[in-house]
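Working notes, structure below.
Please treat every number below as a calculation from the coordinates, not as lab data. In this text, all values refer to a predicted model and were calculated from it rather than measured experimentally. Cβ: placed from backbone, ideal geometry, glycine included. Neighbour counts: every protein chain shown.
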Amino acid sequence: MSLVALVVGPERADVATSSRETLAGLAGPLSPGDPQQIRTGPGGRPENCRTDDRGTSRPTAAPTDVQWRELVGVMTPTSASAGPLHTDATMWWCFAHTPTGAVLAAHVIPVQLSGASWRIVAEQQIVPGESRDAFVTARTAAEETNPRDDAVGRFTGFSVESYSEDSATIRLLVTNPVGGHLSTTVAVRWRDGDWKVALQDDGSLYSSVKQASPSDFIMWGA
C-alpha cells in the first residue's frame, strides 16, 4: 500500500478554484438531495444505511467479523457490523457511528482516494474546506504526472487515539518493507450521517509516518 501525503503548491485562491472545477457536478449516496438520502433528522443516517450505533466504548480487540477485501490493490479490513455496509463500484461507505466504525473508515477511505474514482470519494468522504481544496489540486497534478508511490506495507494494527460522537483520531500500524513497523494517524469527522476524513492542514491524508511497536496497538490478526 502507499500512504499518500500530497501537499499544496499553488496559491490558495487558485487551489479553491481548481478544486471546485474538479468536483463540480459530482453526486453520490451522501449528496444532499440524492433520492437515497432521506434522513431521520439532523445528522441522521441515510435511509438505506443502518448499523448498530450503540457501542461507544473504545475497542479492545479487532472486530470478530472482520473480513479482508481487496480495494485498489490493497487488502483492507471490513466488518459487517462496523462497516462499510455498502461497497458500491465508486465508493465504500456506511460506517457504524462507533469507535470501531471510525477505525474502519480511517482504513478504507484513504485507500479509495488512490483509485480511479477518487474524485467522487473526495467529494463524498472528505470534510470540505481549504484542506480538501489542497488535496484535490495536488491529487489532480499527481494523476497527470503519474509519480511512483513509495511502498509502505500492509495494515497490521490500530489504536483509537481519541474519540467523541463527532470526531475521532485513529492510529494505523503498517509493516515496514525494510523491517519493523510504522505508524501514522487519520482523523475522521461525523458529517451527513457517516464518517468522513478530516485532512491535515496541508491537504495530506495521513500524519507523518513514524517507527512504532506492535505492543502499542490492537492487532488485526491473520
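The table for this structure:
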{"quantity": "Ascending count of other beta-carbon atoms within 10 Å, so fewest first, for T60, T169, T87", "calculated": "T60, T87, T169"}
{"quantity": "Charge context of H97, other residues only, Cβ under 13 angstrom, K/R +1, D/E -1", "calculated": "0"}
{"quantity": "Neighbourhood charge, 15 Å Cβ-Cβ cut-off, centred on T87 and excluding it, Lys, Arg +1 and Asp, Glu -1", "calculated": "-3"}
{"quantity": "Cα centroid separation - segment 161-193 against segment 78-100, whole Å", "calculated": "16 Å"}
{"quantity": "For E130, E123, E161, E70, order by how many other beta-carbon atoms lie within 10 Å, fewest first", "calculated": "E70, E161, E130, E123"}
{"quantity": "Neighbour-count ranking [beta-carbon atoms within 10 angstrom, fewest first] of I120, I109", "calculated": "I120, I109"}
{"quantity": "Potential lengthening between D65 and D166 on full extension [0.36 nm per residue; Cα-Cα distance subtracted]", "calculated": "33.9 nm"}
{"quantity": "Span per principal axis, largest first, for the Cα atoms of segment 63-132 (Å)", "calculated": "37, 25, 16"}
